[in-house]
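Colleague: Below is the structure I would like to discuss, written out as C-alpha cells.
The values are calculated or read from the model by the stated rules, or taken from the named source; none is laboratory data. What you are looking at is a predicted structure, and each value in this text was computed from that prediction instead of being measured. Positions of Cβ are generated from backbone atoms using ideal geometry, with glycine treated the same way; all protein chains shown enter the neighbour counts.
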Amino acid sequence: MRSHPAYPYLVRMLLASLVVVLVFQVIGMWRDMEFGSPGTRDFSQYWSAGQLLLQGKNPYDSDELYRIEVSLGLPDEVPIIMWNPPWLLLWILPLLLLPFKVAALAWLFLNLVLILSCGTVIWRLVAPTQARRRIEVAWIATLAFLPGLFAIRSGQMPTLVLVGVVGFLYCTARDKPFLGGVFLVLTTIKPHLVYLLWIAVAWWVITERQWKVAVGAGVTMVVSLSALTAISPIWIAGYQHALESPPLYWASATIGTTLRLLIFKDWPSAYYLPSVVGGLLLVGYLLTRRPRLNWRTALSPLLLTSVATAAHGWTYDQTVLLLPYLQIVAGMLGGELQMRVQQKRLVVAALLSIGATMVIGNRLKIPDYFFFWTPWALGAVYVYSQAAHR
C-alpha cells in the first residue's frame, strides 16, 4: 500500500479524521465530566493535596483533604489520601494550578501520550532491527496493555515511574549517565515498584564508577526538595507524620497481601516479606557473581521481579511492566533467532488470556488482591519467549 500514489493522501485524510473525532470527544468529555468520570477519582487525591501544598498546609491532613474532595464530589465517608512522597506534587505543579476538571482532563490525555511515547521509545530500543519500522505494532500493543488503560482511567501516576525507567534505559543506551540519573528520580514516587532496580543501580554505580548517574539523581532531588521547601516549609513534618501510620490495611494486588490474608493474619508487616527476600537474593547474586550489567537485558527481569514481590501495588501499577511486555511482542516479529509458529501462538494465547482475565475481573469488580498473579504470569511468558530464541 505504501507504494501506491494515493497512500500519502489516504494517511492525511485518516489523520484529519482522527483529529476531528478527538476534538468532538474532548468537547463531549468536558461537558459531561464530573467526579467519577474517567481520570478523576484517584487524580482527586493529588489535586486536593496540591491545593493544600500551595496554601502552605499539610498535604497529608486527612480532614482538610476530605473537605476538598467532598467539594469535588467524593461520595465516600473517608478521604482518599495521597501516600506518595510530596515531591510528586512539585513535578505535576502545572496541573495543580488548573481547576480540577481541566486538570483531570489534561492529565488523562497526558497520561495517554506518555504511555504511547514510552511504548515508542521501548520499541526503538528493544525491537529487532527489521521490526523497528513497524511502529504501529508497538502502538497497538501499548494500547492493548490493560494496566496502562487502568492507570489512565483512574487518573493514577505509575506512568511517571514508567517514564523514569524508560528514560533511564534510553540515556544509558546513549551514554548520557547524568540525564539517566535525572530520569531515575521519577521512580521515587513509587519506589517499592522498582526497589530491585535501585539496588542494581547502586551496585552498577559503585562497581563500574558510574558516578554521573548518582550526581544526576542527587542534584535533581536537592533542587526538588529545595523548591518544595520554598513553597511549603511544613511538608517535612507532614510527610514524617504520614509515614508513622502506613496503610498496612491495604489489600493490594501483591503476593505480600496474599501471605498476609492467608498465613500471617496477625503480622501486618508480612506485606514486606517478599521484598526483603527479593532484595537479599539480588544482593547475594551481585556479590557472588559480580556481573557486568547490561540494562537492555537486565532491566526487564528486574522490573518483573520487583513488581511481583512489591510490598504494595495495584493492577494499574503494573504499567511499569510495559517494557518486558513489548519485549515479548517484539520478539515474535523476528530476529537473528526465529520463534517457531507454535511458540508464537502459545505466547499470543498466554498474553490474551492474561488480558482477558483482567478485563473480566475488572468488569465484575473483583477485588484487586485476586490479581497478584498477573506479574508472575507475565514473567513466565517473558522467560518462555526468551528461551524460545535460544
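Colleague: Looking at segment 104-120 only, could you name the residues that are buried (at least 17 other Cβ atoms within 10 Å of the Cβ), in contact with a Gly (Cβ under 9 Å, 6 or more places away or on another chain) and of a type in the set (A, V, I, L, M, F, W, C)?
Modeller: If the condition is that a residue be buried (at least 17 other Cβ atoms within 10 Å of the Cβ), in contact with a Gly (Cβ under 9 Å, 6 or more places away or on another chain) and of a type in the set (A, V, I, L, M, F, W, C), then ALA104, LEU105, TRP107, LEU108, LEU112, ILE115, CYS118 are the ones that fit.
Colleague: Here's another thing I want to ask about it. Taking THR297 as meeting all but one of (1) closer than 26 Å to ARG174 by Cβ; (2) in contact with a helix residue (DSSP H, G or I) (Cβ under 7 Å, 6 or more places away or on another chain); (3) free of Cβ contacts under 8 Å to residues at least 12 places away in the same chain, write down the number of the exception.
Modeller: (2)
Colleague: Please report, ordered by residue number, the helices (runs of 4 or more DSSP H) entirely within segment 181-271 with at least 2 residues that are out of contact with any helix residue (DSSP H, G or I) (no Cβ under 6 Å at 6 or more places or on another chain), among the polar types (S, T, N, Q) and modelled with pLDDT of 90 or more.
Modeller: On the way: elements: 195-207, 211-231, 235-243, 255-262.
Result: 211-231.
Colleague: Okay, moving on. Counting only residues that are over 15 Å from TRP235 (Cα atoms) and in contact with a Leu (Cβ under 8 Å, 6 or more places away or on another chain), how many does segment 44-80 have?
Modeller: Kept after step one, since they are over 15 Å from TRP235 (Cα atoms), are these residues of segment 44-80: 44-45, 47, 63, 66-80.
Okay, now just the ones that are also in contact with a Leu (Cβ under 8 Å, 6 or more places away or on another chain), so 44-45, 47, 66, 68, 79-80.
Summing the residues that are over 15 Å from TRP235 (Cα atoms) and in contact with a Leu (Cβ under 8 Å, 6 or more places away or on another chain) in segment 44-80 gives 7.
Colleague: Further question: Quick check on segment 147-163. Is at least one of its residues surrounded by 20 or more Cβ atoms within 10 Å (Cβ to Cβ), touching a Gly at 6+ places or on another chain (Cβ under 6 Å), more than 17 Å from THR297 (Cα to Cα) and of a type in the set (A, V, I, L, M)?
Modeller: no
Colleague: Quick check: is even one residue across segment 285-294 surrounded by 13 or more Cβ atoms within 10 Å (Cβ to Cβ) and in a helix (DSSP H, G or I)? Walk me through it before giving the result.
Modeller: Pass one, segment 285-294, residues surrounded by 13 or more Cβ atoms within 10 Å (Cβ to Cβ): 285-286, 291, 293.
Narrowing further to those that are in a helix (DSSP H, G or I): 285-286.
Yes: segment 285-294 contains one or more residues that are surrounded by 13 or more Cβ atoms within 10 Å (Cβ to Cβ) and in a helix (DSSP H, G or I).
Colleague: Hey, another quick one. Look through LEU53, LEU98, LEU90, LEU74 and report the one residue that is surrounded by 17 or more Cβ atoms within 10 Å (Cβ to Cβ) and either without any contact (Cβ under 8 Å) to a residue 24 or more places away in the chain or more than 18 Å from ALA227 (Cα to Cα) (or both). Can you show your working first?
Modeller: Values: LEU53 fails: either without any contact (Cβ under 8 Å) to a residue 24 or more places away in the chain or more than 18 Å from ALA227 (Cα to Cα) (or both); LEU98 fails: surrounded by 17 or more Cβ atoms within 10 Å (Cβ to Cβ); LEU90 fails: either without any contact (Cβ under 8 Å) to a residue 24 or more places away in the chain or more than 18 Å from ALA227 (Cα to Cα) (or both).
Only one candidate passes the filter, namely LEU74.
Colleague: Yes or no: segment 322-339 includes at least one residue that is of a type in the set (Val, Ile, Thr), at pLDDT 85 or above, crowded, with 17+ Cβ neighbours inside 10 Å and within 19 Å of the chain's Cα centre (by Cα).
Modeller: Of segment 322-339, the ones of a type in the set (Val, Ile, Thr) are 328-329.
With at pLDDT 85 or above added as a condition, the list becomes 328-329.
Then drop every residue that is not crowded, with 17+ Cβ neighbours inside 10 Å, which leaves 328-329.
Retained after the next criterion (residues that are within 19 Å of the chain's Cα centre (by Cα)): 328-329.
For segment 322-339, residues of a type in the set (Val, Ile, Thr), at pLDDT 85 or above, crowded, with 17+ Cβ neighbours inside 10 Å and within 19 Å of the chain's Cα centre (by Cα): present.
Colleague: Sticking with this one: So if I check each of LEU112, LEU65, LEU88, LEU53, which one is more than 23 Å from GLY313 (Cβ to Cβ), in contact with a helix residue (DSSP H, G or I) (Cβ under 7 Å, 6 or more places away or on another chain) and either assigned to a helix (DSSP H, G or I) or at pLDDT 95 or above (or both)? Steps first, answer last, please.
Modeller: Working: LEU112 fails: more than 23 Å from GLY313 (Cβ to Cβ); LEU65 fails: more than 23 Å from GLY313 (Cβ to Cβ); LEU88 fails: more than 23 Å from GLY313 (Cβ to Cβ).
None of the other options fit; the residue is LEU53.
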